[in-house]
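K.L.:
Once you've had a glance at the structure underneath, I'll fire off some questions.
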Amino acid sequence: KAGVTQTPRYLIKTRGQQVTLSCSPISGHRSVSWYQQTPGQGLQFLFEYFSETQRNKGNFPGRFSGRQFSNSRSEMNVSTLELGDSALYLCASSWGGTGDEQYFGPGTRLTVT
Amino acid sequence: AQSVTQLDSQVPVFEEAPVELRCNYSSSVSVYLFWYVQYPNQGLQLLLKYLSGSTLVKGINGFEAEFNKSQTSFHLRKPSVHISDTAEYFCAVSDKSGGSNYKLTFGKGTLLTVNP
């Protein structure tokens, strides 16, 4: 079956703009998580959605937001972009139970200039 | 809250040599433990996970890991590596209890480079 897909794969934005990233989970998966990966901070958890509800949130400013639709697809939005938001944004899906394997997408590479 | 420490940021080895990638964690509650691998320009792929039971866990591509509760460690091992094992490896934990058990806390990663 198809894996986790993320669009777009690459994105270049200017400081102050906003951006929306999209994630389509594996069919049947109801949980979608988002992570930010940077060379300095490594992989950091942003938030997790299950059946359209945010179950958990990491320590990121309110400029980072997300949502999940009834078909489990998810979007994350970053407003008022800063240079430090340049990163690889990874989406992962799972069935949603504790200890379940998370399947990762290839990521969206965001560059803020 | 949990934290994960991967003790080596880079590990160079020769092909067919054994390798151990070290991971220690800190948590006030019981955790699940994972090892993921990331190849260049790709997402993460699960190598193995420890949920409960036998402390020796076998994963894909010939990797295995041993959970040591007293040392709070979960080291990854492979008896003989191949060039294709060159990648970055991440150790991760998730909380078994409460509302924070749906996220992974990752270590900083270990870059394994296998040389011919």
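K.L.:
Filter the range B:66-114 down to residues that are touching an Asp or Glu at 6+ places or on another chain (Cβ under 8 Å), of a type in the set (D, E, K, R) and at pLDDT 95 or above, then give me how many there are.
P.N.:
2
K.L.:
Turning to a different aspect of this structure: So which pairs qualify, if the first residue must be in the range A:82-103 and within 9 Å of chain B (Cβ to nearest Cβ), the second must be of a type in the set (S, T, Y) and open to solvent by 20 Å² or more (accessible area, probe 1.4 Å), the Cβ gap must be under 6 Å, and the two must be at least 6 apart or on different chains?
P.N.:
A:G99/B:Y32
K.L.:
If you check A:V19, A:V32, A:V112, which single one turns out to be among the β-branched types (V, I, T), closer than 19 Å to B:F34 by Cβ and surrounded by 16 or more Cβ atoms within 10 Å (Cβ to Cβ)?
P.N.:
One residue alone meets the criteria, A:V32.
K.L.:
Which members of the range A:55-72 meet the condition of being open to solvent by less than 80 Å² (accessible area, probe 1.4 Å), within 11 Å of chain B (Cβ to nearest Cβ) and part of a strand (DSSP E or B)?
P.N.:
Passing the criteria: A:R55, A:N56.
K.L.:
Got at least one residue in the range B:18-40 being modelled with pLDDT under 95, outside any strand (DSSP E or B), more than 17 Å from A:G99 (Cα to Cα) and within 12 Å of another protein chain (Cβ to nearest Cβ)?
P.N.:
Yes, some residue in the range B:18-40 is modelled with pLDDT under 95, outside any strand (DSSP E or B), more than 17 Å from A:G99 (Cα to Cα) and within 12 Å of another protein chain (Cβ to nearest Cβ).
K.L.:
Kindly evaluate B:E66 against the criterion of being in contact with a Phe, Trp or Tyr (Cβ under 9 Å, 6 or more places away or on another chain), free of Cβ contacts under 8 Å to residues at least 60 places away in the same chain, open to solvent by 60 Å² or more (accessible area, probe 1.4 Å) and of a type in the set (D, E).
P.N.:
So B:E66 passes the test.
For (1) in contact (Cβ under 8 Å) with a residue 60 or more places away in the chain; (2) more than 12 Å from every other protein chain (Cβ to nearest Cβ); (3) more than 14 Å from B:S27 (Cα to Cα), each residue gets a yes or a no:
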site	(1), (2), (3)
B:I60	no, no, yes
B:S70	no, yes, no
B:S80	yes, yes, yes
B:T86	no, yes, yes
B:F90	yes, no, yes
B:V93	yes, no, no
B:T110	yes, no, yes
B:P116	yes, yes, yes
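The values are calculated or read from the model by the stated rules, or taken from the named source; none is laboratory data. As the structure is a prediction and not an experimental result, all values here were calculated from the model. Every residue, glycine among them, receives a Cβ derived from its backbone with ideal geometry; neighbour counts consider all protein chains shown. Just so you know, the surface numbers come from the protein's heavy atoms only, side chains and all, with ligands and any DNA or RNA stripped out. Shrake-Rupley method; radii C 1.70, N 1.55, O 1.52, S 1.80 Å.
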